[in-house]
1. Filter the range 177-196 for residues that are open to solvent by less than 40 Å² (accessible area, probe 1.4 Å) and either free of Cβ contacts under 8 Å to residues at least 40 places away in the same chain or β-branched (Val, Ile, Thr) (or both); which is farthest from Ser273 (Cα to Cα)?
2. State all residues of the range 157-174 that are aliphatic (A, V, I, L, M) and either outside any loop (DSSP other than H, G, I, E, B) or surrounded by 17 or more Cβ atoms within 10 Å (Cβ to Cβ) (or both); if no residue qualifies, say none.
3. Could you list all residues from the range 93-119 that are buried (at least 16 other Cβ atoms within 10 Å of the Cβ) and not in a helix (DSSP H, G or I)?
4. Taking the range 214-231 on its own, how many of its residues are charged (D, E, K, R) and under 28 Å from the mean Cα position of the chain (by Cα)?
5. Which condition breaks for Ile196 when tested against (1) touching a Ser or Thr at 6+ places or on another chain (Cβ under 9 Å); (2) aliphatic (A, V, I, L, M); (3) under 14 Å from Leu106 (Cβ atoms)?
6. Under the condition of being at pLDDT 90 or above and out of contact with any His (no Cβ under 9 Å at 6 or more places or on another chain), which residue from the range 51-86 is surrounded by the fewest Cβ atoms within 10 Å (Cβ to Cβ)?
7. Across the range 329-344, what is the number of residues that are buried (at least 19 other Cβ atoms within 10 Å of the Cβ) and within 17 Å of the chain's Cα centre (by Cα)?
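The values are calculated or read from the model by the stated rules, or taken from the named source; none is laboratory data. The structure displayed is predicted, hence computed values, not measured ones. No Cβ is skipped: glycine too gets one built from the backbone with ideal geometry, and neighbour counts run over all protein chains shown. In case anyone asks, the SASA skips ligands and DNA or RNA and just uses the protein heavy atoms, side chains included. Shrake-Rupley method; radii C 1.70, N 1.55, O 1.52, S 1.80 Å.
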Amino acid sequence: MNRPRNKRNKDMPPNLYADRKAGAVYYRYKHPHTGKSHGMGADRTQAILAAQQLNSMLMIEVSLVDRVLGKTALFSAWLDKYEKIRKDEKNLAEKTDKQLTYDCTLMKSKLGHLPVIDITVYHCAEFLDQWLAEGKRRMASRMRSQLIKCFDYAIAHGLADENPATKTLPINAKVQRNRLTKAQFDAIYELAPAHIQNAMMLGLITLQRREDIAAMQFKDIRDGVLYVKQQKTSRAKKGQRTDSINEAAHLAIQVTPQLAEIIGRCRKTNIVSRYLIHHLHGRKSSGVTNVAITPGMPLQPDNITRGFASARNRSGLFDDLPQKQRPTFHEIRSLGAHLYRDQGIDPQALLGHTDAKMTKHYLDGHGIEWTVVSADLAI
C-alpha cells in the first residue's frame, strides 16, 4: 500500500510534489517507472498541466478486457519465457546462448516491472539512451535488435499487439577500432613468437578468421589445396536444408608458393602436431580447470588474440589509444583484403561471402560444394 500523500501534495496530480526551499515552493515530477525526480519550476499551474500530460503518457491503465486475456503479464515473467523459448530452438551457438541470458538480465533490470502491453516507444528509447549517452553505440544497437526480437515473440504469443522497439530510431554502430597498416603489421610481427607469427601470416594470406586458423590441420592440405570449412558461416546455416548450405562455407584454397612457404614454417617448429598453429611449450593453464598444456596442442582462438595483442602492446604503436580502439587480430583480415584489392585481386571469395562469383566444383565426392580460390597475395 502506498504511503499517504503530504497535505500540500493532496490536491495535485499523482507523481507531482511540492517542496519548500528558502521560503519558496518548487515542484518536481517523480517518474512512475524509474523513480527519478525532475524539476518542474515554481509555476504551480504549469507544473500541474505538465504532470497531467506526463501521467497520460506514462500511466497507462490496463483494461478489463486485457486482464481477462492475460495481457497484464509483467515483462520480467515474459523475459523468462522468451529466454527459454529461444534456447529451446537448439541452434544457438554457445556465445549466443550466453549473450541472450545477459541481454535478458539487462532488459529485466530496467523494464521488468512493467506489464508487457504497457511498454511504449518512450520506454524502449529511454532504455537504449543509457548506452548512447556513454557513446556505446554498438551495445545500444545490439540491445535494440534484442528488444525487437523479444517483442516479435511476445506478439506471436498474444501478449502484445505491436512492437514498440521497431519505432525507435535505428542505431548505426560506428567502427571504433583503428585499422592496421602493413608497416604496423610488420612491426608487430617482429615482436611476436613464432607460432603467432605463423597465425598472422595465415590470416594475412588466406583472410580467414582466427577460429578457422586455429582449426587448420595438416591433413586438410591435399593435392596442393588447403580445405577450410568456415566455422562462423556454416554455423549460421545450421538447421537448414542440406541443399541450401552457404556456398562459401567450404573453401578450397590453392596452395600458392607464398602459402606453401608459410605452411612450411608451421611444420618447422620441431614439434609434432596435427595442427598448423600449435603450442610450442608446455604449461598448466590458468583458471579452475587447471588443464595441462602440452607442446603440439592446438591454440585456442583466444590464445591467438592474446598473443597478437601482447606483441602489439610491446610495439608501442598504439600507446596513445585506449584498449578498445587498438586493432585486434581480426584487423589482419581487413588489411589482407585491402592489399589484395590494391593488387587488382578480388578478395570476396577468400573472405567467404555468399555473393562470391567464382567457379565451384564438387571435390570431395559427398555433395559438399567447395568454392575454389587462390591465396595469391604478393608480400
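1. In this case the residue turns out to be Ile188.
2. Those that are aliphatic (A, V, I, L, M) and either outside any loop (DSSP other than H, G, I, E, B) or surrounded by 17 or more Cβ atoms within 10 Å (Cβ to Cβ) (or both): Leu159, Ala160, Ala165, Ile171.
3. Gly112, Leu114, Pro115, Ile119
4. 1
5. (3)
6. Once the filter is applied, the top-ranked residue is Lys84.
7. 2
Okay, residues lined up against (1) touching a Phe, Trp or Tyr at 6+ places or on another chain (Cβ under 7 Å); (2) assigned to a strand (DSSP E or B); (3) among the small types (Gly, Ala, Ser); (4) on the phi > 0 side of the Ramachandran plot:
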{"site": "Pro13", "(1), (2), (3), (4)": "no, no, no, no"}
{"site": "Asp19", "(1), (2), (3), (4)": "yes, yes, no, no"}
{"site": "Val25", "(1), (2), (3), (4)": "no, yes, no, no"}
{"site": "Arg28", "(1), (2), (3), (4)": "yes, yes, no, no"}
{"site": "Gly35", "(1), (2), (3), (4)": "no, no, yes, yes"}
{"site": "Met40", "(1), (2), (3), (4)": "yes, yes, no, no"}
{"site": "Leu49", "(1), (2), (3), (4)": "no, no, no, no"}
